[in-house]
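Notes follow the structure.
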Amino acid sequence: MKNKIREKFIKIRKNNYFELSENNKNFISKNIKKICTHKKIKRLGFYYPINYELDIISIISKINIKGLKSFLPVVEKNNKMSFREWKRNEPFFVNRFGILEPNKKNRKAKPEVILVPLLAFDRNKNRLGYGRGFYDRFLNEISNQINLISIGIAFSFQETKKIPLEKHDKKLNFIITEKSMIN
């Protein structure tokens, strides 16, 4: 069931992808900034976009909060994911999946807010990813250690009626698209 939905939304995202307008970027960055400011967040985790994911890099550059540090995921040898600090204009490295990552020597930290990519989502804040479980494992593991806020980032056309759930799936706290925020 999930694989059919994945295939469908990979095609939908590829066929409907568009560059966000400045208004779209401002809407998303304003909502992320509001959450981070309200919760006094100092560590923001996000992703490097691949396969027609919404370009979060251009949005992150609009969020100016004093003392806010940025972290990107790094896939470790044991197929677990950690987050490493990344500073604007710092070079990236290509991992074994062809995804850009910060230097593995950069400082490791647990984000307080994490922006999560997804293929599809529903109104109940459930997400469907690529099926490798990196984000679900990370969210399940870290949620037991700190009060993590997870925000799904997607285009509005990625919404579906219902995402089938499995035991390990982790519900998001928010989902932000170019048009709305689900909280």
(message) Given the criteria outside any helix (DSSP H, G or I) and in contact with an Asp or Glu (Cβ under 6 Å, 6 or more places away or on another chain), does Phe71 qualify?
(response) yes
(request) Being open to solvent by less than 60 Å² (accessible area, probe 1.4 Å), closer than 16 Å to Ser29 by Cβ and not in a strand (DSSP E or B) is the filter here, so list the residues in region 144-183 that pass it. (result) Ala154, Phe155, Thr177, Glu178, Ser180
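Every residue, every condition in (1) under 21 Å from Lys11 (Cα atoms); (2) free of Cβ contacts under 8 Å to residues at least 60 places away in the same chain; (3) not basic (Lys, Arg), yes or no:
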site	(1), (2), (3)
Val116	yes, no, yes
Ala120	yes, no, yes
Gly133	yes, yes, yes
Asp136	no, yes, yes
Asn140	no, yes, yes
Phe157	yes, no, yes
Lys162	yes, yes, no
Asp169	no, yes, yes
Met181	no, no, yes
(message) Which of the numbered conditions does Leu119 fail, given that it passes all the others? Conditions: (1) in contact with a His (Cβ under 7 Å, 6 or more places away or on another chain); (2) under 21 Å from Leu20 (Cα atoms).
(response) (1)
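One line per residue, one yes/no per condition, for (1) within 23 Å of Leu128 (Cα to Cα); (2) part of a loop (DSSP other than H, G, I, E, B); (3) among the aromatic types (Phe, Trp, Tyr); (4) open to solvent by 100 Å² or more (accessible area, probe 1.4 Å):
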residue: Phe9; (1), (2), (3), (4): yes, no, yes, no
residue: Ile28; (1), (2), (3), (4): yes, no, no, no
residue: Cys36; (1), (2), (3), (4): no, no, no, no
residue: Leu44; (1), (2), (3), (4): yes, no, no, no
residue: Tyr48; (1), (2), (3), (4): yes, yes, yes, no
residue: Leu54; (1), (2), (3), (4): yes, yes, no, no
residue: Ile63; (1), (2), (3), (4): no, yes, no, no
(request) Test Gly98 against the stated conditions and say whether it is surrounded by fewer than 16 Cβ atoms within 10 Å (Cβ to Cβ) and small (Gly, Ala, Ser). (result) yes
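The values are calculated or read from the model by the stated rules, or taken from the named source; none is laboratory data. Since the structure is predicted, the reported quantities are computational estimates derived from the model, not experimental observations. Glycine also receives a Cβ, built like all others from the backbone with ideal geometry; neighbour counts cover every protein chain displayed. We work out accessible area using only protein heavy atoms, side chains counted, and drop any ligands, DNA or RNA first. Shrake-Rupley method; radii C 1.70, N 1.55, O 1.52, S 1.80 Å.
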